[in-house]
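Reading through the structure tokens given below for one structure.
Any read-out appearing in this document is the output of simple, stated calculations on the displayed coordinates, not a laboratory observation. The structure presented is a predicted model; accordingly, all values stated were derived computationally and were not measured.
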Amino acid sequence: MNWLNTAFILGAAFLAVFGQAAFGSARFLAGAQVDLLPPLMVYAALSSGLTTVTLLAVCAGLWFDSLSANPLGVTVLPLFAVGWVIFLKRELILRDQPFAQAVLGAAASVVAPALTLLLLLTMGSHPLFGWGTLWQLVVLCAGGALAAPVWFELFGWLQHALVHRGATESSFRPDREIRRGRRGALIGGYRGEVIDRARSKPRRPR
């Protein structure tokens, strides 16, 4: 597991939760708060291991619940369910295509709050939902579709700028020599070998 990538993901989750709690202008303008955690879970499930998915679900879920009216821990299971399903099917997903990223971000942004609402009803809570909930799901769906490609671009830039990539090995061996034979042809070989094979051919008797 790439621990630097995991640190990037957890740091982005913390900033996303803090930003959603501190800046509520989008909530008043659109009538719903765009959730950046499900699209972030899409990126984590497609680019990292199951350990990172679990850490993101636990940490981001607890951070989100601590700053909202939700019972503590109720967001953890929906986030993990979304990440786990995508992680299992990621070999079949075109993860580098922005359209696929947007579709997954939109789907995750709808499934995660729907599962959270189902858990709240199962626990005996009485959340406020009605016809306005449909509009909130539409806003969440659109926000997730826009946020997912942005997450991929942001982390791609961070990986390119901060993560050291090992040098690629060349197929050319350093002990290889190339010499020109009698007839002008290039004859290749290795040091210590007989390179000019033309000299070793037996001469025909006259």
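Below is a table of values for the structure above.
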read-out: Full-stretch length increase - residue 97, residue 129 - with 0.36 nm per residue and alpha-carbon distance subtracted; value: 8.1 nm
read-out: Overall form of segment 25-123 per C-alpha gyration tensor (a/c, 1.5; a/b vs b/c); value: oblate
